[in-house]
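One structure is given below, encoded as structure tokens.
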Amino acid sequence: MLGLFTTVAGLIPGLFSTVNGITNAITNEKIKLAQSQNESDRIAAQERIASLQAKQAIMIAESGNSKINAIIRAGFGLVALSIVAKLLFWDKVIGSFVGCAGEAGHALACASYNTDPIDSSQWAVVTAAIGFYFVYEGAINATRIIKS
């Protein structure tokens, strides 16, 4: 099992890179730049240094954000989105195109366009997921405005 994990992880470049590892690579490239004998070697070393510095800057910027946290938030968001999409798009829009809206929606042929009733606790979860998304985005945008 561990072998499978390391094989899959090896397919994702930079998965286990650290800022210190990138810093060491930048240092090594600067040494190669100083030791380069011709212009093409200097240009190649400078390009590698710039690429590594950009990667380092991204890693530092993302260090405050946990990837597992983002995955969990996305999961909750997708659940809430799927409920709302089913209710609004499938039941209301598509259902009305095939004649399953209103009283006609009670026919047996229209059963796939009728969602089971969603109780108040389920609606609370959907509302919280959607609400926190907008609160989070609003806070991020407000922070950007204040910083600039």
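To keep it simple, each residue is scored yes or no on (1) polar (S, T, N, Q); (2) surrounded by 13 or more Cβ atoms within 10 Å (Cβ to Cβ); (3) part of a helix (DSSP H, G or I); (4) at pLDDT below 85.
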position	(1), (2), (3), (4)
LYS55	no, yes, yes, yes
ILE71	no, no, yes, yes
GLY77	no, yes, yes, yes
LYS86	no, yes, yes, no
GLY99	no, yes, no, yes
Considering residues that are at pLDDT 80 or above and either among the acidic types (Asp, Glu) or surrounded by 11 or more Cβ atoms within 10 Å (Cβ to Cβ) (or both), the number found within segment 101-123 is 4
Looking at ASN20, ASN28, ASN38 in this structure, which one is of a type outside the set (Lys, Arg), at pLDDT below 85 and outside the structural domain of ALA128 (by TED's automatic domain parsing)? ASN20
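The values are calculated or read from the model by the stated rules, or taken from the named source; none is laboratory data. Everything numeric in this text was worked out from a predicted model, so none of it was measured. So basically every Cβ, Gly included, is an ideal-geometry build from the backbone, and we count neighbours across all protein chains shown.
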